[in-house]
Amino acid sequence: MAEKLRANADIALEGLLFDGMTIAAGGFGLCGIPETLIQAVLKSGVRDLTLVSNNAGVDDFGLGLLLAEKRVRRMVASYVGENKEFERQFLANELEVEFNPQGTLAERMRAGGAGIPAFYTRTGVGTMIAEGKEVRRFGDSDYVMETGIVADLALVKAWKADPYGNLVYRKSARNFNPMVATCGQVTVAEAEMLVPAGSLDPDGIHTPAVFVQRFIQATSNEKRIERRTTRAEAA
Amino acid sequence: MATDTGMKGWTRDQMAARAAREMRDGFTANLGIGIPTLVGNFIPPGVDVTLQSENGILGLGPFPTEQEVDPDIINAGKQTITELDRTSYVSSADSFAMIRGGHIDLSVLGAMEVAENGDLANWMIPGQMIKGPGGAMDLVAGVRRIIVLMDHVSKNGSPKFRTRCTLPLTGANVVDMLITDLAIFDRESRGGPFRLIELAPGVTIEEVLAKTEASFEI
């Protein structure tokens, strides 16, 4: 068995990082983000990054850490409303931003990972999103062509990883992670738990090991909550 | 509403409750962030609705108690939420396959502007900070029926139901029903015109006409 487990995040990213590269990262908001690996990317000093991720983290956590250190040249995202430094850089034209509808972003990564260079979707037809893109009629509706995304490096957060690199996510922390895992030239995963071979149900594996080249035991599992909302007891 | 005493127009809760009456038994629905989220509080008894959250939950439960808070269970507004016995968790691609594939019956969304041709603008104001479309463009492109909840006029009093949207669109010809604090407009098909079907308590047709730029049937 080719050993995919690495001792820590720095070692897992060895030889993979270069200035100007494109990194795709899983997560929705701060849920299911590869906390450990993002911190290692920050520590490496790599810069001029293009980041592909649904959100841009918050000011002092997640991808916001890379923004704060001005490591990001371009952001491909669907929603970035939770980050003041992002807003400052965006309004000062220090940061290039490409907005994608959320479903389009997910599908672009799914397509890129599946060897599909482009696809047509109704989402965005008649809006700014379709400007400069091919619009084609199928049946009685118009569809806009969107391209697949392949990233130089994909970073994902899993709940469990077995020694082969099969991954299972937990609840809504799954979100973009399965598509991100497929769209990297190299995919590095961090898992909250490393479990023995044979302990994952083969029918319940979310990301099969073929998509994962390296993985580590996650050492940052803060799972910060953006909007803690509760109800009184006994509803 | 019957409980209203001399108040003019509908409150946000009343608008949400009215939208909830559009739910049908067995519907799967997606509720937008803000006032649309309140719709979930008013689903009539005996009407079983499954709520979908585009970050990857089919079958949203209520907000958690302090003890139940789980950082791995959040809704599209990034609020902590709970699961139900029917819940399934899915990837973003599968979640948007539900949305874009026409498998969701109804979505309730907020808006900055709605036009008489059904165009919707709710994602950006040029020159201001743009937060991004999130899943709104996918929802209006793929969900079978779109209900918009919004104030009838903007904070400075200008009409938000317009001849044409002045702001960049979220979707073209996508709105089926518009519920404001003053009135409700509906249309039978996406080719047809909107018709005024209800007035809020204390609101006259004259007032609605004065505060609306869009043409509509009465």
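Taking the range B:159-172 as the region of interest, how many residues are within 13 Å of chain A (Cβ to nearest Cβ), of a type outside the set (D, E, K, R) and over 19 Å from residue B:149 (Cβ atoms)? Quick ask: steps written out before the conclusion?
Pass one, the range B:159-172, residues within 13 Å of chain A (Cβ to nearest Cβ): B:164-165, B:167-172.
With the extra rule that they be of a type outside the set (D, E, K, R), the set shrinks to B:165, B:167-172.
From what's left, over 19 Å from residue B:149 (Cβ atoms): B:168, B:172.
Residues meeting the conditions: 2.
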| task | Determine the pairs where a residue that is at pLDDT 95 or above, located within the range B:91-110, has a partner that is among the aromatic types (Phe, Trp, Tyr) and surrounded by 20 or more Cβ atoms within 10 Å (Cβ to Cβ) with Cβ atoms under 7 Å apart, the partner being 6 or more residues away or on another chain. | result | B:92/A:176
| message | If I filter the range A:200-221 down to residues being part of a strand (DSSP E or B) and under 17 Å from the mean Cα position of the chain (by Cα), which single residue comes out as farthest from residue A:110 (Cα to Cα)? | response | A:216
| query | How many of the residues making up the range B:64-114 are facing chain A (nearest Cβ under 7 Å), out of contact with any helix residue (DSSP H, G or I) (no Cβ under 9 Å at 6 or more places or on another chain) and among the aliphatic types (A, V, I, L, M)? | reply | 1
| task | With the checklist (1) in contact (Cβ under 8 Å) with a residue 60 or more places away in the chain; (2) crowded, with 24+ Cβ neighbours inside 10 Å in hand, flag the one item residue A:123 doesn't pass. | result | (1)
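Hey, among the residues in the range B:45-57 that are assigned to a loop (DSSP other than H, G, I, E, B) and under 17 Å from the mean Cα position of the chain (by Cα), which one's surrounded by the fewest Cβ atoms within 10 Å (Cβ to Cβ)? Working first, answer last.
Residues of the range B:45-57 assigned to a loop (DSSP other than H, G, I, E, B): B:45-49, B:54-56.
Applying the additional criterion that residues be under 17 Å from the mean Cα position of the chain (by Cα) yields B:49, B:54.
Details: B:49: 20, B:54: 27.
Among them, the one singled out is B:49.
Within the range A:158-176, track down each residue that is closer than 23 Å to residue B:74 by Cβ and crowded, with 23+ Cβ neighbours inside 10 Å. Working first, answer last.
At the first step, the residues of the range A:158-176 found to be closer than 23 Å to residue B:74 by Cβ are A:158-161, A:167-176.
Matches in the range A:158-176: A:158, A:161, A:167, A:169, A:172, A:173, A:174, A:175, A:176.
Please verify whether residue B:146 is within 14 Å of another protein chain (Cβ to nearest Cβ), among the β-branched types (Val, Ile, Thr) and within 13 Å of the chain's Cα centre (by Cα), treating the condition exactly as stated.
yes
Please determine, by comparing only the residues of the range B:44-62 that are facing chain A (nearest Cβ under 8 Å) and touching a strand residue (DSSP E or B) at 6+ places or on another chain (Cβ under 7 Å), which one is nearest to residue A:54 (Cα to Cα).
Quick first cut of the range B:44-62, residues facing chain A (nearest Cβ under 8 Å) only: B:53-57, B:62.
Filter once more, keeping what is touching a strand residue (DSSP E or B) at 6+ places or on another chain (Cβ under 7 Å): B:53-57.
Numbers: B:53: 15, B:54: 12, B:55: 10, B:56: 13, B:57: 16 Å.
Looking at residues that are facing chain A (nearest Cβ under 8 Å) and touching a strand residue (DSSP E or B) at 6+ places or on another chain (Cβ under 7 Å), I get B:55.
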| request: For residue B:155, work out the one condition from (1) farther than 18 Å from residue B:212 by Cβ; (2) surrounded by fewer than 20 Cβ atoms within 10 Å (Cβ to Cβ) it doesn't fulfil. | output: (1)
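Please specify each residue of the range A:196-235 satisfying the condition of being over 25 Å from residue A:61 (Cα atoms), within 14 Å of chain B (Cβ to nearest Cβ) and in contact (Cβ under 8 Å) with a residue 24 or more places away in the chain. If you could, list the steps in order and put the result at the bottom.
Initial filter on the range A:196-235 (over 25 Å from residue A:61 (Cα atoms)): A:196-211, A:213, A:231-235.
Now restrict to residues that are within 14 Å of chain B (Cβ to nearest Cβ): A:204-208, A:211, A:231-235.
Hits for the range A:196-235 are A:204, A:205, A:206, A:207, A:208, A:211.
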| Given (1) more than 15 Å from the chain's Cα centre (by Cα); (2) modelled with pLDDT of 95 or more, number of the condition residue A:2 does not satisfy | (2)
| From A:197, A:189, which residue is in contact with a Ser or Thr (Cβ under 8 Å, 6 or more places away or on another chain), modelled with pLDDT of 95 or more and either part of a helix (DSSP H, G or I) or among the aliphatic types (A, V, I, L, M) (or both)? | A:189
| said: I want to confirm something. Restricting to the range A:181-195 and keeping residues that are in contact (Cβ under 8 Å) with a residue 40 or more places away in the chain and in contact with a helix residue (DSSP H, G or I) (Cβ under 6 Å, 6 or more places away or on another chain), which single residue is farthest from the other protein chains (Cβ to nearest Cβ)? | reply: A:188
| task | Can you give me the number of residues within the range B:70-101 that are among the hydroxyl-bearing types (Ser, Thr, Tyr) and part of a loop (DSSP other than H, G, I, E, B)? | result | 2
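Please specify each residue of the range A:67-80 satisfying the condition of being closer than 14 Å to residue A:97 by Cβ and free of Cβ contacts under 8 Å to residues at least 40 places away in the same chain.
Start the filter on the range A:67-80 by keeping residues that are closer than 14 Å to residue A:97 by Cβ, which leaves A:67, A:72-80.
The answer is A:67, A:72, A:74, A:75, A:77, A:78, A:79, A:80.
Check B:132, B:127, B:142, B:118 and return the single one that is free of Cβ contacts under 8 Å to residues at least 12 places away in the same chain, buried (at least 22 other Cβ atoms within 10 Å of the Cβ) and small (Gly, Ala, Ser). Show your work before the answer.
Working: B:127 fails: buried (at least 22 other Cβ atoms within 10 Å of the Cβ); B:142 fails: free of Cβ contacts under 8 Å to residues at least 12 places away in the same chain; B:118 fails: free of Cβ contacts under 8 Å to residues at least 12 places away in the same chain.
Unique residue meeting the criteria: B:132.
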| Members of the range A:98-111 found to be surrounded by fewer than 24 Cβ atoms within 10 Å (Cβ to Cβ) and either farther than 21 Å from residue A:128 by Cβ or modelled with pLDDT under 95 (or both), listed by number | A:111
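Those residues that are on the phi > 0 side of the Ramachandran plot and either of a type in the set (Asp, Glu) or surrounded by fewer than 19 Cβ atoms within 10 Å (Cβ to Cβ) (or both), I need them from the range A:13-53; list them, please. Quick ask: steps written out before the conclusion?
The first filter runs over the range A:13-53 and keeps only residues on the phi > 0 side of the Ramachandran plot, leaving A:15, A:20, A:27, A:29, A:32, A:45, A:48.
A:15, A:20, A:45, A:48 - these are the residues of the range A:13-53 that are on the phi > 0 side of the Ramachandran plot and either of a type in the set (Asp, Glu) or surrounded by fewer than 19 Cβ atoms within 10 Å (Cβ to Cβ) (or both).
Where in the range A:56-169 are there helices (runs of 4 or more DSSP H), lying wholly inside it, with at least 3 residues that are within 30 Å of residue B:165 (Cβ to Cβ) and away from chain B (no Cβ under 11 Å)? Before the answer, list the steps.
Numbers: elements: A:64-68, A:84-91, A:102-113.
In the range A:56-169, no matching helices (runs of 4 or more DSSP H) lie anywhere.
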| Restricting the range B:24-43 to residues that are surrounded by fewer than 20 Cβ atoms within 10 Å (Cβ to Cβ) and part of a loop (DSSP other than H, G, I, E, B), the residue that is nearest to the other protein chains (Cβ to nearest Cβ) | B:33
| task | Out of A:88, A:73, report the one residue that is basic (Lys, Arg) and more than 20 Å from residue B:133 (Cα to Cα). | result | A:73
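The values are calculated or read from the model by the stated rules, or taken from the named source; none is laboratory data. None of the values given here were measured: they were computed from a predicted structure. Reconstructed Cβ throughout: ideal geometry from the backbone, glycine too, with neighbour counts over all protein chains shown.
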